[in-house]
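The values are calculated or read from the model by the stated rules, or taken from the named source; none is laboratory data. The shown structure was predicted, so the numbers you read here are calculated from the model rather than taken from an experiment. So basically every Cβ, Gly included, is an ideal-geometry build from the backbone, and we count neighbours across all protein chains shown. Accessible surface is based on the protein model in full, side chains and every heavy atom, while ligands, DNA and RNA are left aside. Shrake-Rupley method; radii C 1.70, N 1.55, O 1.52, S 1.80 Å.
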Amino acid sequence: MSLRIKRISTGIPELDLLIEGGFPEGSWIMISGMPGTGKTIFAIHFIYNSLAVDNAKVIVVTTEQEFGDYLLQAKRLNMDISPWLRGEKKLYIIDLFHLAKRAREMSKEVRVDPLDIPVLVDSVRRAYKELGVDKGEDIRLVIDSISAFYARAPVKARSMTYELKLRLHRRNVTTLLTSQFAVTTRGTFGYGAEHIVDGVIELELVEEGNELRRYMWIKKLRMTKIPLKRIPFDITDEGIRLEELPS
Ligand SMILES: Nc1ncnc2c1ncn2[C@@H]1O[C@H](COP(=O)(O)OP(=O)(O)O)[C@@H](O)[C@H]1O
Ligand SMILES: [Mg+2]
């Protein structure tokens, strides 16, 4: 039996080099951090690379901004994903932010809550079917962010994430979740959801004198040797750039 694990690129080449080539296929990865630390931009790298380089299929679930904003942000960073919205279905959008906005306009009797785990599971399973998950297609699932589901019941974050992974995990679907730190308690690690996922990358903005510096911490990544160092990075017009490779 081969022990080789297929690696899925993060979309950030310098980062791939630090983690044996990328995320193990089929793993669930959480990108966590405070607002403005670069979680959505990280997700855009992953989405763009999946489509443009790997020729994979991508499901994007947005809960905090409309997908249109995503498109704009990606275009600004030179990672235009709009071409994949046309032609053969490769990019499948589940815009829960848009649905949540619409739901507010409906009467209480008919309103469904889009930010409900069973609703999410059903939508994603419909996408799986349409994209051919059972035929072994290479699929990437991005949920930006998962914290929107935790908002009403933070104590359930761990069980919700478990439920989600249990019902949506497939060996040919590699999943990226973004997660906010609760600004007050400072913890996705307070939520407990990081125990459920296979990898955790934390993004930080750290005060150094009169400056703020960006760092990335790879806190956990199953089946992978990880650098036990904070990795400095920058966000530029080309997105996330790692500054120096720790030896
Ligand atoms: N072209 C750019 N050059 C430099 N920084 C940028 C650029 N575009 C966005 N940013 C930075 O990225 C941050 C937003 O990143 P984002 O991924 O949306 O954060 P998060 O999803 O973690 O809240 C902004 O606060 C901004 O400082
Ligand atoms: Mg974001």
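Data for the structure
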read-out	value
Surface per residue (accessible, 1.4 Å probe) for the chain, Å²	50 Å²
Length gained when the stretch His169-Glu88 is fully extended (0.36 nm per residue, less Cα-Cα span)	26.7 nm
Sequence-separation-based contact order of the chain, relative, with Cα cut under 8 Å and 6+ spacing, percent	27 percent
Ellipticity estimate at 222 nm from DSSP helix runs (n ≥ 4, -39,500 (n - 2.57)) divided over the chain, nearest 500	-8500 deg cm²/dmol
Eligible lysines near Lys129 by straight Cα distance, threshold 27 Å, same-chain separation 8 or greater	Lys6, Lys57, Lys89, Lys90, Lys101, Lys165
Cα-based Rg of the range 18-149 normalised by 2.2 N^0.38 Å, two decimals	1.08
Share of Cα-Cα pairs in the chain lying beyond 33 Å, as whole percent	15 percent
Paramagnetic reach from Asn55 in the range 1-22 [backbone N under 20 Å; point 7 Å along Cα→Cβ]	6-11
3J(HN,Hα) from dihedral phi, the range 52-60, Karplus parametrisation 6.51/-1.76/1.60, rounded to Hz, x for glycine, proline	7, 9, 8, 6, 8, 9, 10, 10, 10
Calculated from backbone phi, Karplus (6.51, -1.76, 1.60) coupling profile of the range 214-227 in Hz, x at Gly/Pro	8, 9, 10, 10, 8, 8, 6, 7, 4, 6, 9, 7, 10, x
Rounded to whole Hz, the Karplus (6.51, -1.76, 1.60) HN-Hα couplings of the range 193-204, x for glycine and proline	5, 5, 6, 7, 7, 8, x, 9, 10, 9, 9, 9
Exposed-loop-free span, longest in the chain, where trypsin sites (Lys or Arg not before Pro) count as exposed if DSSP calls them loop and at most 11 other C-beta atoms lie within 10 Å	5-85
About the Cα centre, charge dipole magnitude for the range 48-159 (Lys/Arg +1, Asp/Glu -1 at Cβ), debye	180 debye
For the chain, built as a Gaussian network whose Cα springs stay under 10 Å, the top-fluctuating residue of Asp138, Asp237, Asp16	Asp237
Whole-percent carbon and sulfur share, accessible surface of the range 7-242, 1.4 Å	51 percent
